[in-house]
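First comes the structure, then the notes that go with it.
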Amino acid sequence: MIRTLTLLAAASLTALAAPAMAQAHDHKGHSEASEAATYSARQFFESTSYAVGSPNGYNFSPDGKYVLVTSDATGVFNVYLMPVKGGDPIALTTSTDDATFGASFFPSDGRILFTADNGGDELNHLFVRAEDGTVTDLTPGEKVKAGFAGWSSDGKTFYVTTNERDSAAFDLYAYDATSYERTRVFTNEGAYSVEDVSGDGRWVALSKAISSANSDLYLADLQTGEPKLISEHEGNVSHGVYSFTRDNAALIYATDEHGEFNQAWRYDIASGAKSPVIEADWDVAFLQYSPSGRYRVSAINADGLNVLSILDGKSGKNVELKGLPEAMLASVRFDPGEKNIAFIVTSDTSPADVYVADLKSGKTTRLTHALNPAIREADLVTATVARFSSYDGLEVPGILYRPKNASADHPVPAIVMVHGGPGGQSTRGYSAMIQHLVNNGYAVYAINNRGSSGYGKTFFHMDDKKHGDVDLKDVVASKGFLQGLDWVANDRIAVMGGSYGGYMTAAALTFYPEVFDAGINIFGVTNWVRTLKSIPPWWGSFRDALYDEMGDPATDEERHRAISPLFHASNVTKPMLVVQGANDPRVLQVESDELVAAVKANGVPVEYVLFPDEGHGFRGKENRITASEAYLKFLDAHIGR
């Protein structure tokens, strides 16, 4: 999402998918409890995660025989070649500790680009793997953070962003694809975010946050280096970048200037003329083009799921893909000849799988089977979209998971799941963590409290400088909604969340100590005073936008102290589980250390799981298993099933 703030983005609590929606009170087609088997956390996480490379990269090998994928089949993310005609993937990296992600093939040979950080510290470097397996760090430096930014149309140059010159600014470098010699082509002295580079290497699209509701777009001519403002407007308007057109004549950008939602608009570089490309009643989640520009791929974020289309500009018709399950399609990547695509297919009950398709016939082929074969997919739960009237009458949406064994005769305990952000969104799709809890008898309601993205700019900004207040009241009010469902045990409801959702969990137990019966805080902020003062320098202008939404620590420390659970931990009376990564650069370990100590001082049950090799979220499969086992054990002990 273009407007989503990502200070504390949730650690993949849910993915995107597109099964049918239903309201919470619609119980038709509900399966009988006796038919479903119960599975362990290990069985769920022995499923395999798959992803394809960067949308700005070459994701098929030059001969079209392989797709570049990232997988955690070994327990740690590594890069693989996936044969298009089927067969076992071929490992290109073999890391046993640091997560490694594929970025791109080289256009005419077997070299690849990939990224990796160190133990979750988010200081990613860009590496090249030669055909003989030799690996070279293209962005060395102890405190350097780098990213892959795409290729030139002729394949002779690739682009990289790094903050080596100034830790608070990302400059743009052009690398020679043969020698790896590089030239700094844009020096970022204006706190811009580098968004995209035109295929001819002439233009770079830049964004700059003014506030949480207002941002600008600039176009820099790399022949002169001077950024030009292209988003003149009045009032608060949010902007973002989708893509340059393949003829380098225009920039396709996002704007909410014309309504509640992000629309896709075109900016003609030569004339400066602007015109609509996609207008919808939901946000345009993304838009990209095939290498020649013939195909346009876009998606609409419709009520927590992405609806994707592939438009053939030659025929004017959408490509119809055949033989697919009811699911969400994403990450569409084209082969060099634009005859085939690779893409990801995800549903509520099945993790992301890699498919390929023939664009002419629409025939699809499944290359992977991510779900652990020990798990019967029919035993898992399809989510529904459920809304309730909050404390002030505002309609609040969320994603509801009902266990197979839940009924009026057998009510089950429930969990209110809060996403990260603060401007994130709970969406449809597969989550091993959630399915494990639901499969073991817990209802889950993944709330999209006010301040969530995906429901229009008015809804998104309702919590500005009211965090820990109006958004938290939505979370509290959702308990009453769950209690109104006859299949939920109304006296056994917990709250749980990761990242900003972890903060909301701790805040609920602190400021509304009698509402929830237990809480699970996963790497959540407990001391906003310290967190907002310790934001990493590379966040640049985003920090100003965050301060606009959350409040500037230089002037709002009193309010930040008032909403920070740590300073009021003596209020906590209900059991809490705290999960933390020792290398987290966003939520420092000391935050969780101090909260745990404070709650213990109350004589309240508190458990603490600290991962020495994780950052803000989970990279290692074994750690995800350990955490999920801890969640279930804690919930069983305190709200039962």
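The values are calculated or read from the model by the stated rules, or taken from the named source; none is laboratory data. Worth saying up front: this structure is predicted, and the values here are computed from it rather than measured. Please note: Cβ atoms are built from the backbone with ideal geometry, for glycine as well, and neighbour counts cover all protein chains shown. Remember, those area values only see protein heavy atoms, side chains included, never the ligands or the DNA or RNA. Shrake-Rupley method; radii C 1.70, N 1.55, O 1.52, S 1.80 Å.
Structure summary
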item	result
Förster-model FRET efficiency, 22 Å R0, Glu326 and Asp281, C-beta, rounded to 0.05	0.50
FRET E, pair Glu395, Ser309, Förster distance 30 Å, beta-carbon r, rounded to 0.05	0.60
Helical contribution to [θ] at 222 nm, DSSP H n ≥ 4, -39,500 (n - 2.57), averaged over the chain, rounded to 500	-4500 deg cm²/dmol
Principal axis dimensions, region 290-433 - Cα atoms, whole angstrom, descending	56, 42, 24
Spin-label zone in region 195-224 - amide nitrogen under 15 Å from a point set 7 Å from the Cα of Thr555 along the C-beta vector	211-212
Positive-end residue of His125, Asn448, Gln589, charge dipole of the chain with Cβ unit charges	Asn448
Length-normalised contact order for the chain - Cα pairs under 8 Å, 6+ apart - percent	15
Neighbourhood charge, 14 Å Cβ-Cβ cut-off, centred on Phe567 and excluding it, Lys, Arg +1 and Asp, Glu -1	-1
Magnitude of the charge dipole, the chain, Cβ model with Lys/Arg +1 and Asp/Glu -1, debye to 20	1020
Protection-proxy order for peptides 513-520, 404-411, 202-209, each taking the mean of Cβ atoms within 10 Å per residue, highest first	202-209, 513-520, 404-411
Angstrom value of the Kirkwood radius, inverse mean 1/r, which spans all Cα pairs in region 534-627	15.2
Amide proton proximity set for Ala285, modelled H, under 5 Å, gap of 5+	Ala299, Ile300, Asn301
Alpha-carbon centroids, region 501-576 and region 583-602: separation in whole Å	12
Antiparallel DSSP beta bridges within the chain, as percent of all bridges there, nearest 5	80
Of all DSSP beta bridges in region 346-454, antiparallel share, percent nearest 5	75
Theoretical gain in end-to-end length, Thr458 to Ser108 [0.36 nm per residue, Cα-Cα removed]	121.2 nm
Cα-based equivalent ellipsoid of region 117-265: semi-axis lengths in Å, sorted from largest, via gyration tensor	29, 18, 14
Carbon plus sulfur fraction of accessible area for the chain, probe 1.4 Å, in percent	47
Only Lys, Arg (+1) and Asp, Glu (-1) charged, at Cβ; region 307-388 dipole about Cα centre in debye	240
Exceeding the 21 Å Cα-Cα cut-off - candidates Lys465/Lys574; Lys85/Lys322; Lys479/Lys600	Lys465/Lys574; Lys479/Lys600
Normalised per residue, the volume of the convex hull around the Cα set of region 73-139 (Å³)	93
Extended-chain gain in nm, criterion 0.36 nm per residue less alpha-carbon gap, Thr187 and Ala91	30.9 nm
Arg376-Asp132 FRET efficiency (beta carbon distance; Förster radius 41 Å; 0.05 resolution)	0.40
Value in Å of the Kirkwood radius, where region 407-526 supplies the Cα pairs that are averaged	14.4
Local electrostatic count at Ala489 - Lys and Arg +1, Asp and Glu -1, tallied over other residues with Cβ under 14 Å	-1
Segment Asp166-Asp593, length gained on full extension (0.36 nm per residue, minus Cα span)	150.5 nm
